[in-house]
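Read the structure below first, then the notes.
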Amino acid sequence: MKKIICLLLVLAPILLPAQSKFSSVKLGLFTPGATDAGFIIGYEGGWYVDDNFLIGYSADWFKKNYVDQKFISQINDLYGPNSTLNELRAKTNLHSVPIMGSVTGNWIVAQRTRAFVTGAAGLEVLLIFYRDYSNPSDDKFRGAFDFSWRLGFGLMYELGRRSDAIAEISYHYSKPSWQYDVRDSGTGIRHTFERSYDMSGIMMRAGFRFYF
């Protein structure tokens with residue numbers, strides 16, 4: 001069901017007729033559960049069906065270097081605390097790239113000002129650079145994927161005939177994960193670790209929208 005919803009939202013801009021195109025650039029703050037808050041940049045394109053409804057697509061980029069405290073807890077539970085080594089093992093460089101289709105409705109609330117609500121769904125792509133468990137000084141790479149959705153609202157202020165300033169707040173949901181095995185050199189027992197990344201959180205962004 002998730003795949004069907006995602007496909008419909010991504011194909012909607014192609015299948016539905018529209019009158020004019022727009023492009024938006026957004027910058028702001030993202031606070032996912034997996035990491036501390038950080039800077040996020042996004043692009044959105046699409047088409048207006050009429051003055052009050054538009055369909056579009058978007059791609060965002062969020063980058064964070066952090067120590068995965070959840071992974072440290074898993075290691076400590078199995079092998080006992082070793083703060084310096086386990087923190088090195090849990091160092092992570094994460095790149096999040098949500099690719100989504102969206103629908104947005106807007107209405108006039110004041111002169112040159114419109115409020116809007118938006119919903120989106122799509123694919124969360126995580127590019128993860130992490131430390132090898134047995135050789136923590138070595139970097140490894142892994143990709144993780146998950147269905148994602150987003151709900152938000154905001155304001156658009158008309159700057160000119162073909163440009164708006166926009167400000168929005170939204171909630172983004174996604175929880176990509178993957179598993180890998182580690183063999184205990186002392187006992188020979190193989191343990192399975194799950195690296196889970198809670199990319200759900202609040203986005204607060206501002207930017208500009210252009211019409212052509």
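Once both labels are modelled 7 Å past Cα along the beta-carbon direction, what's the F129-S177 spacing in nm?
2.6
Under 5 Å between amide H atoms, partner at least 5 residues away or on a different chain: which partners does K91 have, H built in plane at 1.01 Å?
D68, R131
What ³J(HN,Hα) values, in whole Hz, does the Karplus curve 6.51 cos²θ - 1.76 cosθ + 1.60 give for segment 101-117 when θ = phi - 60°, with x put for Gly and Pro?
Calculated HN-Hα couplings, in order: x, 9, 10, 9, x, 9, 8, 6, 10, 6, 4, 6, 10, 10, 9, 9, 10 Hz.
Restrict the search to segment 106-157; then list the trypsin sites (Lys or Arg not before Pro) that DSSP places in a loop and that have at most 15 other Cβ atoms within 10 Å of their Cβ.
R112
Please give the net charge around K64, taking every other residue with its beta carbon less than 12 angstrom from that of K64, where Lys and Arg add +1 and Asp and Glu add -1.
Overall, the nearby charge balance is 0.
Work out, step by step, the length gained on full extension between L27 and F39: first 0.36 nm times the residue separation, then minus their alpha carbon distance; give nm to one decimal.
Extra length available between L27 and F39 comes to 3.6 nm.
Subtracting the Cα-Cα distance from 0.36 nm times the residue separation, let me have the gained length for L88 to Q69 in nm, one decimal.
Gain on extension, L88 to Q69, equals 5.7 nm.
Which entries of K26/K70; K70/K140; K21/K64 show an alpha-carbon separation above 27 angstrom in the structure shown?
Too far apart for the 27 Å limit: K26/K70; K21/K64.
Between A165 and T192, what is the FRET efficiency for a Förster distance of 41 Å, r being their Cβ-Cβ separation, to the nearest 0.05?
So, using R0 = 41 Å, E works out to roughly 0.25.
May I ask you to derive the FRET efficiency for D50 and V97 from their Cβ-Cβ distance with R0 = 35 Å, giving the value to the nearest 0.05?
So the FRET efficiency works out to roughly 0.70.
Bear in mind that the values in this text are calculations on the coordinates, not laboratory data. As the structure is a computational prediction, the values presented were derived from the model and not from experiment. A quick note on method: Cβ atoms are made from the backbone with ideal geometry, for glycine too, and the neighbour counts reach across all protein chains shown.
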